[in-house]
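For reference, the structure discussed in these notes is given below.
The values are calculated or read from the model by the stated rules, or taken from the named source; none is laboratory data. Given the structure is predicted, the values throughout are model-derived calculations rather than measurements. Using ideal geometry, Cβ is built from the backbone for each residue, glycine included, and neighbour counts are taken over all protein chains shown. Heavy atoms of the whole protein, side chains included, go into the accessibility calculation; ligands, DNA and RNA do not. Shrake-Rupley method; radii C 1.70, N 1.55, O 1.52, S 1.80 Å.
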Amino acid sequence: MYKLIGENNRVNYGCIDEPIEWNYEAFKLLDFFNKEIKGFKKKFAYHQFNYVGITAGKYILGFATVDLGYLYNVFAFIYNKEQGVIFESDDKCLGLSKKMVFPRNPDNYLTTFKSKKTSVRVEKSHEKGLLNIDCNFKDRLKFKGSFLFSIESHHPLRVLN
């Protein structure tokens, strides 16, 4: 299993083509004076992003969940390759709210976001080989589907930067 944090607090950057052990507890975030940053400062410095893109003929559907520590954001778009962007939508809330659940395991997780007008639910399991999606962006863009999906069969682009 590929460990994201290596020896001596080094991050193993690059493209990842195998299951991940996200050992984030092992990472020590340091300031300019080489002192460890902890608590809220560390939470606000930690960012994660999950994007799913689906192509179907001349259309591209994309949506993402974003955790910036202090802010949560979800967005989606439909793009027609011949005509350009057809529709896009997003929603935001403060990072301290309970509106988003964003687990740390990138291979097996359930991510949810729920506000008054937007809901996003993405379940991914490379072990089971499935991807389940249920999104509703302000009742103007809705998408629901179940797909076969795994590292071995689909070779998703997985990058740590």
Candidate values (1) 15.0, 43; (2) 29.5, 111; (3) 17.3, 53, label of the one derived for Rg and Dmax of the Cα atoms in Å: (3)
Cα gyration tensor shape for segment 26-115, rounded if a/c is under 1.5, else prolate or oblate: prolate
Global geometry of segment 20-64, whether rounded, prolate or oblate, following the gyration tensor of its Cα atoms and the 1.5 cut on a/c: prolate
Cα centroid of segment 71-116 to Cα centroid of segment 28-57, whole Å: 17
Simple label model, 7 Å out from Cα along Cβ direction - residue 153 to residue 96, nm: 4.4
Accessible solvent surface per residue of segment 54-118, calculated while the other protein chains remain in place, 1.4 angstrom probe, Å²: 56
Cα gyration tensor, segment 67-161 - rounded (a/c under 1.5), prolate or oblate: oblate
DSSP beta bridge pairing in the chain, given as percent antiparallel to the nearest 5: 95
Of all accessible heavy-atom area on the chain, the percent that carbon and sulfur account for (1.4 Å): 56
Sites residue 21 and residue 115, calculated FRET efficiency, Cβ-Cβ separation with R0 35 Å, nearest 0.05: 0.60
